[in-house]
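The values are calculated or read from the model by the stated rules, or taken from the named source; none is laboratory data. Given the structure is predicted, the values throughout are model-derived calculations rather than measurements. FYI the Cβ positions are ideal-geometry reconstructions off the backbone, even for glycines, and counts take in every protein chain you see. Please note that ligands, DNA and RNA were not included when accessible areas were found on the heavy atoms of the full protein model with its side chains. Shrake-Rupley method; radii C 1.70, N 1.55, O 1.52, S 1.80 Å.
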Amino acid sequence: MAFACCVRKSATKLASVCGRVRSISAVMNHPSLDFNPSPMSPFVSRGFFNSMAVDDKLSPEQSLHLVIDSELNSALQTDDPNLEQNEEMAPGSFPFKIRDKPGDQSVTLTAYYNDEHIHIDVGMPYLGDDVIDVFGPSNDELSFPLVVTVTKKNAVRIEFTCNAYADYIDLTDLTVHDYPFPMGETDWPRFKNLDDNLKKAFHRYLATRLEASITKLLHKYMVGKTKREYLLWLKNVKKFVDG
């Protein structure tokens, strides 16, 4: 029962965190993020710009149909290995168990490290007003919000709030949970207010549980997930247009 509560709170935490990330990322000069049920709309691939020259004589419905078909065909013709599942993250070759359902805007990873249970919730990138070519060379610049929950056998746990980039993880905050003990939950003091030595110690603690090689594979997986979800979004729009 306690663990189920932990999982639910982690998902809520990820959703609330992504709202704060926007202001943090502006300071750090990185793209901001959000955990949003419809993040695909700002994504535009290369074929889109060529398809914008729509005949004014066409009806709005015909114009939309033409643009959607052009965008979908351009995306499907792209030879991108990220659209396929990564064999390096297949069961037996990757230390985390992955739960990823098509259409869901998050991915969950779980594993055990010594006597600790590790639960990771990864959200989709928040793009703000930016237009990004998801099939172009800039996808390494994408970053993804994640909450890493490390739980001890006595149910005490720490949640690390992070942003995952292609080659590193940026730890932005942490929350200590003492459920079901009197302390309850506390996110004070904030991570940014901690002593530098304590910050480095937490970074090192997290790095041993989420190694650089895993971070790189996870980022690659989420880039592929982003593209697959965009294709799914396009196909759903096409069903509406064709309906």
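Going through the range 74-107 one residue at a time, which ones are at pLDDT below 85 and either assigned to a helix (DSSP H, G or I) or of a type in the set (D, E, K, R) (or both)?
Ser74, Ala75, Leu76, Asp79, Asp80, Pro81, Asn82, Leu83, Glu84, Glu87, Glu88, Met89
Of Ala212, Ala164, which residue is modelled with pLDDT of 90 or more, among the hydrophobic types (A, V, I, L, M, F, W, C), under 22 Å from the mean Cα position of the chain (by Cα) and under 23 Å from Phe94 (Cα atoms)?
Ala164
Does any residue of the range 108-118 turn out to be at pLDDT 85 or above, open to solvent by 80 Å² or more (accessible area, probe 1.4 Å) and over 21 Å from the mean Cα position of the chain (by Cα)?
Within the range 108-118, one or more residues are at pLDDT 85 or above, open to solvent by 80 Å² or more (accessible area, probe 1.4 Å) and over 21 Å from the mean Cα position of the chain (by Cα).
Can you confirm whether Val241 is closer than 18 Å to Gln105 by Cβ, assigned to a helix (DSSP H, G or I) and of a type in the set (Val, Ile, Thr)?
no
Take the residues of the range 138-173 that are among the hydrophobic types (A, V, I, L, M, F, W, C), closer than 12 Å to Met222 by Cβ and out of contact with any Lys or Arg (no Cβ under 8 Å at 6 or more places or on another chain): which is surrounded by the fewest Cβ atoms within 10 Å (Cβ to Cβ)?
Among those that are among the hydrophobic types (A, V, I, L, M, F, W, C), closer than 12 Å to Met222 by Cβ and out of contact with any Lys or Arg (no Cβ under 8 Å at 6 or more places or on another chain), it is Leu142.
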